[in-house]
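Each remark here refers to the structure printed beneath this line.
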Amino acid sequence: MSENIIVGAGFAGLVAAINLARSGRDVVVLEKESRIGGSPLFHPSPEGTPIDIKALEAYIGIDLSPAAAGPGIARFQSGNAVAWGTMLPADMDAISSWVIERGPRSTSLDTHLYNIAVAEGVKVEFNQPMWSNDDIAKLPPDTIIATGLNFDGFDSVHQPYKTSFHFVARQMIPDTTTNHVTIYHGDFTTDYAYTSSINGIQFAHVFQRDPIGHDTLKAFEEQCFISEGIEFKTWEHFTFPVPAKSIHTPRLFAGDKILAGTLAGCMESFMFFGMLGGLVSGKIAALAVEDKAVAMDEFKLATSSFAPAYMLKKMTSLIPPVLFKYNLRFALAHAFDIPLATKIVREAMPGWKNCARGLPAGA
């Protein structure tokens, strides 16, 4: 049986590699960085996302329970939202949210997946950039491209994107047993910001789809201190692409190559949640090697919420700022108590519907 190549050792690439290896294939993963865990600009970091762990495990065929993945994944111990200075408790259990450590540390979920992949016989080669269109074109048919939030990856397969702008900071704290996420909305960003923690990492991130400056950062820093008493000393500023340029962005194939993860558009297009989509799309990419028709049906289901979320963001950007503030405060204060609202939030996550329904027979 021929060798299968995967470009990118993130969630999507590793899930695809594990599934292909278990089907008896020889798998090689080419990773741009010198270690597991994505870009050092952004990781290590604690990230929160809605996930039905048991349904996800059944769908991708990988044990991700806290008992197996260790401290890399944990239930929220606290969740809050700050809307223009007002602190509002957020019931993260209502939307099945978990905190996940991303990055190169032994406690990350990336490392958990990497260890499983290696145990299944997957060969991971680091320091292997494969970003140009010529590089990708030379790879064999059915190569899986899962390059994540990298400009070169999007350009190499002519995938449209919007440039997003970011400030991030991280620091180590003595408390390694608690975790949290606090989401911030305010005049300092037209998107949102957050602070988070897990396994002794305290993290902060503010971003938006338009250029942001140090006045934005200063305003966010002040709000973090007022609301949580948190101060960060060192910040990094960078940009990366997000699949929010076009309502038609999601696609599984680029010529004879298979796309996965963020590059495929498996990222929620309102607030850019992408971890569940990455994990599920890795399974779908592996299916595409075996049966493209089945994989395409799964991909359409996984990305069925992309267009509605895209249009919702477009519409909310037209709402007058004063009215938007009032509506958002009201929504954050009451949405967690409304079953239909929490159902909509969960099902907006790419891949949620696939996990809820389960794999089709024979897949």
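The values are calculated or read from the model by the stated rules, or taken from the named source; none is laboratory data. Worth saying up front: this structure is predicted, and the values here are computed from it rather than measured. Neighbour counts are summed over all protein chains in view; Cβ atoms, including those assigned to glycine, are modelled from backbone coordinates with ideal geometry. These accessible areas exclude ligands, DNA and RNA; they are computed on the full protein's heavy atoms, side chains included. Shrake-Rupley method; radii C 1.70, N 1.55, O 1.52, S 1.80 Å.
Could you please let me know if I62 is part of a loop (DSSP other than H, G, I, E, B) and touching a residue at least 40 places away in the same chain (Cβ under 8 Å)?
yes
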| note | For the range 173-187 the number of residues that are within 21 Å of the chain's Cα centre (by Cα) and part of a loop (DSSP other than H, G, I, E, B) is 1
| In this structure, does G79 turn out to be of a type outside the set (A, V, I, L, M, F, W, C) and under 18 Å from D52 (Cα atoms)? | yes
| When both residues are 6+ apart or on different chains and their Cβ atoms are under 7 Å apart, which pairs have a first residue that lies in the range 188-207 and is closer than 10 Å to V168 by Cα and in contact (Cβ under 8 Å) with a residue 40 or more places away in the chain, and a second that is acidic (D, E) and surrounded by fewer than 24 Cβ atoms within 10 Å (Cβ to Cβ)? | F207/D191
| message | Going through S39, S65 one at a time, which residue ends up being in contact with a helix residue (DSSP H, G or I) (Cβ under 8 Å, 6 or more places away or on another chain) and surrounded by fewer than 20 Cβ atoms within 10 Å (Cβ to Cβ)? | response | S65
| message | Take the residues in the range 108-146 that are closer than 19 Å to I36 by Cβ, among the polar types (S, T, N, Q) and in contact with a strand residue (DSSP E or B) (Cβ under 6 Å, 6 or more places away or on another chain); name whichever of them is least open to solvent (accessible area, probe 1.4 Å). | response | S108
| field | Single residue of the range 86-98 satisfying the filter (more than 17 Å from L276 (Cα to Cα) and open to solvent by 40 Å² or more (accessible area, probe 1.4 Å)) that is nearest to the chain's Cα centre (by Cα) | value | D91
| message | So, H237, is that one in contact (Cβ under 8 Å) with a residue 60 or more places away in the chain, more than 30 Å from T303 (Cβ to Cβ) and not polar (S, T, N, Q) or not? | response | yes
| query | Which of the residues belonging to the range 48-68 are under 30 Å from Y184 (Cα atoms) and out of contact with any strand residue (DSSP E or B) (no Cβ under 9 Å at 6 or more places or on another chain)? | reply | D52, K54, A55, L56
| Filter result (part of a loop (DSSP other than H, G, I, E, B), of a type outside the set (S, T, Y) and open to solvent by 30 Å² or more (accessible area, probe 1.4 Å)) within the range 1-25 | M1, G24, R25
| task | Might you check whether a residue that is over 23 Å from F203 (Cα atoms) and among the polar types (S, T, N, Q) occurs anywhere in the range 37-51? | result | no
| Quick one: is T163 open to solvent by 10 Å² or more (accessible area, probe 1.4 Å), not in a strand (DSSP E or B) and not charged (D, E, K, R)? | no
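Conditions tested, residue by residue: (1) open to solvent by 60 Å² or more (accessible area, probe 1.4 Å); (2) outside any helix (DSSP H, G or I); (3) over 23 Å from A146 (Cα atoms); (4) in contact with an Asp or Glu (Cβ under 8 Å, 6 or more places away or on another chain).
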{"position": "V27", "(1), (2), (3), (4)": "no, yes, no, yes"}
{"position": "E33", "(1), (2), (3), (4)": "no, yes, no, no"}
{"position": "A69", "(1), (2), (3), (4)": "no, no, no, yes"}
{"position": "N80", "(1), (2), (3), (4)": "no, yes, yes, no"}
{"position": "I100", "(1), (2), (3), (4)": "no, yes, no, yes"}
{"position": "S106", "(1), (2), (3), (4)": "yes, yes, no, no"}
| query | For the subset of the range 309-363 comprising residues that are among the aliphatic types (A, V, I, L, M) and part of a loop (DSSP other than H, G, I, E, B), which member is surrounded by the most Cβ atoms within 10 Å (Cβ to Cβ)? | reply | M349
| message | Quick check on T190: is it among the hydroxyl-bearing types (S, T, Y), more than 18 Å from the chain's Cα centre (by Cα) and in a strand (DSSP E or B)? | response | yes
| task | Select, from T49, T107, T111, the only residue that is over 22 Å from K283 (Cβ atoms) and not hydrophobic (A, V, I, L, M, F, W, C). | result | T107
